[in-house]
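A short write-up of the structure that comes next.
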Amino acid sequence: MAGQRVPLEAKQELVKLIGEGYNVKDAAEAAKMSYSTARRLVDELRSGAQLEVQTTSTPRNLKIPDPKQAHELSPIARDCLEDFGRFRHRYFGRISSPWQENAAQIVAQKLNTIYKEYGVVNCPPGSGKSTLFTHDIPAWCTARSRTLRGFIGTNTQVRGNGYVGRLRSTLARPMPVQAKSEDLRLGLAVDAASSLPVDYGRFKPDPTLGDPAAPWTQSQLTVVQHEYTLTDEKEATWTAFGEDTGFLGWRVNMIIWDDLVTRKSLSTEEVIMAQRQWWLDEAETRLEPGGLLILQGQRLGAEDLYRFNLDQEVTYDEDGESDFFELGEETGPTHRKYWHIIYKAHYEELCHHKPSSDGRPFIESHLRNAKPYDPNDLGQGCLLDPRRLPWRELKQIRDRPMSNYRVVYQQEDVDPKEVLVPRVWIDGGLSAEGEDCPGCWDDNRSIAQVPRHLSGTRWSIVTVDPSPTKYWAIQWWLYNEPKNCDHLMGNRYLMDFIRQPMGAPELLDWNVDLANWTGLLVEWADRAKKLKVPITHIIVEKNAAQRFLMQYDWFRRWTNMNSIAIIPHSTERNKTDEQYGVRTIAPHYRFGRVRFPGTYEARRLIEPFIRELTRYPDSSTDDCVMANWFMEFQLQHLVREAHPPRPIYNDMPTWLNRDGPFGMIA
């Protein structure tokens, strides 16, 4: 029929079939016209052009029905409300991966509980996560419940408006959407079979049909309710918000925050803390009882907003209700406030190896046509989406220098190969390389408890890394070197730990009226004497020592009275030195020579210290690590002073001298 005038009856038949849910190819075949002609006619209809078929009469199947009740839906439309994969395929033409269907089902389950639900969902870039969470799932939830009220948020209002605008077009469009030719070629999509207004009734308000005036703007939309359903809520069905705009007073049932974390939001500690405070004060507090909040995006670092929320803890009341209390108010057990879903680009443990025709093994599950990873069937594949994120592309990213692959694509806090202290060195167990790590916890030892059965020489050392505007890190270490032990191979016991904002007077001050000293150092020194491990040295960052402490006569008098030596430490000169720098503390963790108090209260207290160790150098702060390094760097000098070299006799031959060319004497 190409090059010929299309009969009116054929156009009417095409429009009728499209309205009934046929895709363009099948409708063209049934209407006895070419696919290209049918495609052109449908494009003209979508663009608003007046086809000849509309000049005579409007086909019955193009009339958008009123909102349909559940019993009025067709069997396929009713099934789509339960089957998210079929819903996407029918109305958007998308071919869903198992992880996408799994994510939608989890959202539906969490949205159906009676409690406030808070979740973090981490997905790799390029997986279609933004389309899934800001368009497809909201559209599905709206079709399931028109009374739903939610907002879609992102880092800027402009992006949020774009998300809501896309959803608005989907809910108003009567014609099925056509897939892009590129997606068709790659097998990522097909032509949609129907549209939401045709199967479920109109969503866009129409005052000419008696619908009440409701917003349908760039930033918000309110859908038409079912007959006899009235709402007096001020919030729209969906509203766009940005981190850069205000929304106080707005409360909804469903909140989706998309890709809030950027490189800019992790640029400095001040920026990180500001975003966290905004999240606690504004973003989190807009949820109604029984509502669902999802923060989704790709991980960018150990200090990002995702990890901050995953570390949030709450206590339950005596009845087990999930009402949230401030920590310390209740005596009940603590629980994570946020549930966590991780979708990694590649699940290495699920790779399927298979020998090739020439006998060489290859990984069958890395092929482009391999089955994708399925959270409900771990025997399927190892790639999250072999078409969108093929192994060829992932391998290039993984092997690229400074790619941050383990974080961005595998959703890990840090790359274990790059951190100062892998977590397994502290907790113990088998490392990724198969090494059996002893761990660093003394499970039955609490804060300021001296380990039993210590023998040999001891050093009781306090390290201080102060800051005039930020947190101070103060640590009390007890180093024990048993007899017949190589230098620096003894255990380092953490006795106490403080990390908080404070000033120099809170560390040590002289009260003129009472004629006595006050402060943290006084408390620790008195406690150390009672435990019979008196503090012998205080190591302080050099500039701070001169600025805050050593310039005062009363400070020097206190240290002299307590026989405590002050050692200023320069952080810049040897910080990156391979032999003396920060990384020299790592082997002591690897072999369990650092010992932490392991009771529940102690672990909670020193958690900031552990976080820095297991994230450095990507942690937003490093004061705890620096204070640890102060002790380790200076310890070598203290031990050497306590174990002077053996005397060298003048009448001894030089070839027997330790410092001679042969070094015969140890």
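Taken together, the values in this text are just the output of simple stated rules run on the coordinates, not laboratory data. Only a predicted model underlies this, so the values are computations on that prediction, with no experimental measurement involved. Positions of Cβ are backbone-derived with ideal geometry, glycine not excepted, and every protein chain shown enters the neighbour counts.
Calculated on the Cα set of region 357-514, radius of gyration then Dmax: 25.2, 90 Å. Proximity of backbone amide H atoms, modeled 1.01 Å from N, is registered between Arg94 and His89, Val190 at under 5 Å, excluding neighbours fewer than 5 places apart on the same chain. Dividing the mean sequence gap of close Cα pairs (under 8 Å, 6+ apart) by how many residues region 350-408 holds gives a relative contact order of 24 percent. Taking 30 Å as the straight-line reach from the Cα of Lys529, the lysines in range (excluding those fewer than 8 positions away in the same chain) are Lys483, Lys542. When you restrict to C-alpha pairs under 8 Å that are six or more residues apart and normalise by the size of region 339-451, the relative contact order lands at 17 percent. P(r) for region 350-408, from all Cα pairs and a bin width of 10 Å, is 23, 43, 30, 4 %, short bins first. For the cross-link pairs Lys25/Lys129; Lys337/Lys417; Lys68/Lys116; Lys395/Lys417, the ones whose C-alpha atoms lie over 23 Å apart are Lys25/Lys129; Lys337/Lys417; Lys68/Lys116. The spread of Cα positions in region 437-642, taken along each principal axis and listed from longest to shortest, comes to 53, 38, 37 Å.
Across region 427-510, counting alpha-carbon atoms alone, Rg and Dmax equal 16.6, 54 Å. Peptides 489-500, 521-532, 85-96 ordered by packing proxy, namely the average of other Cβ atoms within 10 Å per residue, highest first: 85-96, 489-500, 521-532.
Taken along its three principal axes, the alpha carbon spread of region 137-292 comes to 52, 47, 25 Å, from the longest extent down to the shortest.
Set against the 2.2 N^0.38 Å expectation for a compact globular protein, region 70-342 has a Cα radius of gyration ratio of 1.04. Starting from the Cα gyration tensor of region 170-246, take the square roots of the eigenvalues, sort them a ≥ b ≥ c, and report rounded, prolate or oblate (rounded when a/c is under 1.5, otherwise prolate if a/b is larger than b/c, else oblate). Since a/c reaches 1.5 but b/c is at least a/b, the shape of region 170-246 is classed as oblate. At full extension, Glu364 and Glu288 could sit 22.6 nm farther apart than now, given 0.36 nm per residue minus the alpha carbon distance.
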